[in-house]
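All remarks here apply to the structure that follows.
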Amino acid sequence: MKRTILTDKTVDELINGFAEICVAQDHAIWFEGNTKYKSLFKQMMAIDAELKRRGLDARQAMTRLFTHPNIQVRLKAAINAFDIAPESARTVLEDIRRSKHYPQAADAGLRLDVEDGKF
Amino acid sequence: MARALNEIQTLIKIYEWLRDYEPLIRAAMDGPKSLKDLQQAALGPSVPGYHDHHIVEQKAAENGGASQAEINDPNNIVRIPELKHRLINGWYGRPNEGEPFNGMSPRDYLRDKGWAERRRVGLEALKLFGVLEP
């Protein structure tokens, strides 16, 4: 998804795009390296910014990714929706941390530690 | 007969793979240890499946003006599972949203920080990856 056309997308399209990018991030972590990951990270943050621009209802749609089968999707959805759905996001992050599925477990732990003032 | 030979060859390949990677897999299953234990392990001879890891990253410390004596001081080196070492190195290079990195990678965030902050993040990374006891 290019930044220039995000404003034309529906919320569903943005959420689906967010998930696709996170799945690609997961692949990049293992097989493509950090240069590819950085590009995908920027795309993900652009979608997050567009959802924030549209308001709370649009951002709430992110919570539907909390049960996505891919761990990177669940992680990024929970991190980026933590401020609007703190309890359910915390549950997602705690499950990921407990899984010991690294590196996602480490990033989940980082977010929880920051929220709890331990980092 | 040909099928049986193929199966035997496959079993030999699996055995060789397990023999080569067994130390890595075994080491990766280690639970978290104390800082003292990790530091003391690094003083001994090298062990398959483990890498010696600088708590304050070596290259970043050099760029920040730290001396080789500080960088290679036993206080800065821990022996950790090789697979965790690779994962932590990757994590240092990936952008991370939210505090404290705010979209930067830990490595970029630490670029203008002093030794104390680099060490703090280095120790936290070891905890986050289940290497160092909380």
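The values are calculated or read from the model by the stated rules, or taken from the named source; none is laboratory data. If you're wondering where the values come from, they're calculated on a predicted model, not measured in any experiment. Cβ coordinates were reconstructed from backbone atoms using ideal geometry, including for glycine residues, and neighbour counts include every protein chain displayed.
Is one or more of the residues making up segment B:12-32 within 14 Å of chain A (Cβ to nearest Cβ), within 24 Å of B:Ala116 (Cβ to Cβ) and under 16 Å from the mean Cα position of the chain (by Cα)? Yes: segment B:12-32 contains one or more residues that are within 14 Å of chain A (Cβ to nearest Cβ), within 24 Å of B:Ala116 (Cβ to Cβ) and under 16 Å from the mean Cα position of the chain (by Cα). When residues in segment B:116-134 are screened for being exposed (fewer than 15 other Cβ atoms within 10 Å of the Cβ), under 14 Å from B:Ile55 (Cβ atoms) and not aliphatic (A, V, I, L, M), 1 of them pass. If you go through segment B:61-104 and keep only what is more than 16 Å from the chain's Cα centre (by Cα), on the phi < 0 side of the Ramachandran plot and small (Gly, Ala, Ser), you end up with B:Ala61, B:Gly64, B:Ala66, B:Ser67, B:Ala69.
Please go through segment A:83-101 and pick out each residue that is of a type in the set (A, V, I, L, M, F, W, C) and farther than 19 Å from B:Arg94 by Cβ. Matches in segment A:83-101: A:Ile84, A:Ala85, A:Ala89, A:Val92.
Against the test of being within 12 Å of chain A (Cβ to nearest Cβ) and either hydroxyl-bearing (Ser, Thr, Tyr) or under 15 Å from the mean Cα position of the chain (by Cα) (or both), the options B:Glu57, B:Glu124 yield a single qualifying residue, B:Glu124. Looking at segment A:97-119, which of its residues are farther than 20 Å from B:Met29 by Cβ and surrounded by fewer than 22 Cβ atoms within 10 Å (Cβ to Cβ)? Scanning segment A:97-119 gives A:Leu112, A:Asp113, A:Val114, A:Glu115, A:Asp116, A:Gly117, A:Lys118, A:Phe119. If you check B:Glu16, B:Glu7, B:Glu99 for being acidic (Asp, Glu), in a loop (DSSP other than H, G, I, E, B) and surrounded by fewer than 12 Cβ atoms within 10 Å (Cβ to Cβ), only one passes: B:Glu99.
Residues considered: A:Lys76, A:Lys36, A:Lys52. Of these, the only one that is over 11 Å from the mean Cα position of the chain (by Cα) and either in contact (Cβ under 8 Å) with a residue 60 or more places away in the chain or within 20 Å of B:Tyr92 (Cα to Cα) (or both) is A:Lys36.
Within segment B:75-84, the set of residues being outside any helix (DSSP H, G or I) and within 12 Å of chain A (Cβ to nearest Cβ) comprises just one member, B:Pro81. Just checking, does segment B:85-94 include any residue being within 11 Å of another protein chain (Cβ to nearest Cβ), closer than 16 Å to A:Phe119 by Cα, surrounded by 15 or more Cβ atoms within 10 Å (Cβ to Cβ) and at pLDDT below 95? No.
Where in segment A:1-61 are the helices (runs of 4 or more DSSP H), entirely inside, with at least 1 residues that are touching a helix residue (DSSP H, G or I) at 6+ places or on another chain (Cβ under 9 Å), of a type in the set (Val, Ile, Thr) and modelled with pLDDT of 95 or more?
The qualifying helices (runs of 4 or more DSSP H) are A:11-27, A:34-54.
With the condition kept exactly as written, say whether any residue in segment A:46-61 is surrounded by 15 or more Cβ atoms within 10 Å (Cβ to Cβ) and within 9 Å of chain B (Cβ to nearest Cβ). Yes, because at least one residue in segment A:46-61 is surrounded by 15 or more Cβ atoms within 10 Å (Cβ to Cβ) and within 9 Å of chain B (Cβ to nearest Cβ).
Just checking, how many residues over segment A:77-94 are among the acidic types (Asp, Glu), assigned to a helix (DSSP H, G or I) and either within 12 Å of chain B (Cβ to nearest Cβ) or out of contact with any helix residue (DSSP H, G or I) (no Cβ under 8 Å at 6 or more places or on another chain) (or both)? Please lay out each step first, then the result.
So the first thing to find is which residues in segment A:77-94 are among the acidic types (Asp, Glu), and the list is A:83, A:87, A:94.
Subset that is assigned to a helix (DSSP H, G or I): A:87, A:94.
Adding the requirement that they be either within 12 Å of chain B (Cβ to nearest Cβ) or out of contact with any helix residue (DSSP H, G or I) (no Cβ under 8 Å at 6 or more places or on another chain) (or both) leaves A:87.
The number of residues fulfilling the criteria is 1.
Restricting attention to segment A:102-118, the residues being more than 8 Å from chain B (Cβ to nearest Cβ) and either under 19 Å from B:Pro95 (Cα atoms) or in contact with a strand residue (DSSP E or B) (Cβ under 6 Å, 6 or more places away or on another chain) (or both) number 4.
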